[in-house]
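Beneath this line is the structure, given in structure tokens, with notes to follow.
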Amino acid sequence: MKFASKNILDMESLSVDEINMVLDTADSMKEISERPVKKVPTLRGKTVVLFFYEPSTRTRASFDIAAKRLSADSLSLSASSSSMVKGETLVDTVRNLEAMHPDVIVIRHPAAGAPHLLARMVKSAIINAGDGMHAHPTQSLLDLMTVRESKGKIAGLRIAIIGDIAHSRVARSNCIGFTKMGADVVLAGPPTMIPKGVEALGASVTYSLDDAIGGADVIMMLRIQKERQKHFLFSTEREYAMVYGLTKDRLKNAPKDVLIMHPGPINRGVEIASDVADGPYSLILEQVTNGVAVRMALLYLVAGGLRDADAD
Ligand code: CP
């Protein structure tokens, strides 16, 4: 089977077969990172540009490491170190980068739809590393990989996603990704942080943490995205932690084999207690490890010549 997608823009655009292909490829890529020499020649001669307009630790570092492990040349740019500070637009910036013939441009941008706009304008493959509150498909793919690896399946599982759903591109992408792969997704958080009509994504909604985690196979906690909120949507962080924070005590309401996930960065003592984040059921660092494997898989699939020549 060929990988048909030229770009990785959102989870809606990927078919179930393509998602399975990414996860299978990532499974085989993971072993490369465990070798004494963590490098293969697969993407030698390819160029990957990482353009991040918003801060990032995990996504940016893992794309850079992924490109290097596949022997691609990678170049990392941030908005503050680019000529955008002199007034150059996003479109002009990317047109100028395109003139240097990169094979893949990985972009994180605060505006929803920015990667989609660029994908219509340039020949390079575009990978969305997070656009505003809209989508974070590579995070969703690494989360799917982590769940499949740990539980042996995705279909039929109950995935509870808890926190600031309204401002979370991870919640949105995971809602679409997990339901597409046959899981049941329940979203939970304060009413002020759950957008109206979110059930249209295929999830159910509750405002009770205990209802969400009862019967959950996986609990995914999300931080409060203060940088995207015009007003704080809960009275105090302390009160938020008391009602929606995941502690060892609250975990007693969850099944014994529940797994805990978080895309990071975590705010210890707010949405998740330290002993839960660092506890035996936590997959948080495994998610980060799998982030490298998934991004190696994506770079390989969009730049490695496996795409169907007739596909867009
Ligand atoms: N999960 C995630 O996107 O983390 P970063 O913002 O550090 O990349």
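A few comments on the model shown:
- Subset of region 52-86 that is away from the ligand (no atom under 14 Å from the Cβ) and open to solvent by 60 Å² or more (accessible area, probe 1.4 Å) - its residue that is farthest from the chain's Cα centre (by Cα): Lys86
- Verdict on Ser62 being at pLDDT below 95 and under 27 Å from His167 (Cα atoms): no
- Members of region 256-269 found to be surrounded by 14 or more Cβ atoms within 10 Å (Cβ to Cβ) and more than 16 Å from the ligand (Cβ to nearest atom), listed by number: Val258, Leu259, Gly269
- Each residue in region 93-103 was checked for being outside any loop (DSSP other than H, G, I, E, B) and either open to solvent by less than 70 Å² (accessible area, probe 1.4 Å) or of a type in the set (A, V, I, L, M) (or both), and 4 pass.
- Subset tally (residues that are surrounded by fewer than 18 Cβ atoms within 10 Å (Cβ to Cβ) and under 20 Å from Ala72 (Cα atoms)) for region 129-148: 0
- Flag for Ile105 being among the β-branched types (Val, Ile, Thr), touching a Leu at 6+ places or on another chain (Cβ under 6 Å), closer than 21 Å to Ala4 by Cβ and away from the ligand (no atom under 16 Å from the Cβ): no
- Meets criteria (crowded, with 16+ Cβ neighbours inside 10 Å, within 22 Å of Ile176 (Cα to Cα), in contact with a Leu (Cβ under 6 Å, 6 or more places away or on another chain) and at pLDDT 95 or above) for Ile126: yes
- Scanning region 1-51 for residues that are open to solvent by 40 Å² or more (accessible area, probe 1.4 Å), modelled with pLDDT of 95 or more and among the basic types (Lys, Arg) returns Arg35, Lys38, Lys39, Arg44, Lys46.
- Residue match in region 55-75 (condition: assigned to a loop (DSSP other than H, G, I, E, B) and over 28 Å from Leu117 (Cα atoms)): yes
The values are calculated or read from the model by the stated rules, or taken from the named source; none is laboratory data. Since this is a predicted model, take the numbers as computed values, not measurements. Counting neighbours? That spans all protein chains shown, and the Cβs are built from the backbone with ideal geometry, glycine included. Just the protein is used for accessible areas: all its heavy atoms, side chains included, with ligands, DNA and RNA removed. Shrake-Rupley method; radii C 1.70, N 1.55, O 1.52, S 1.80 Å.
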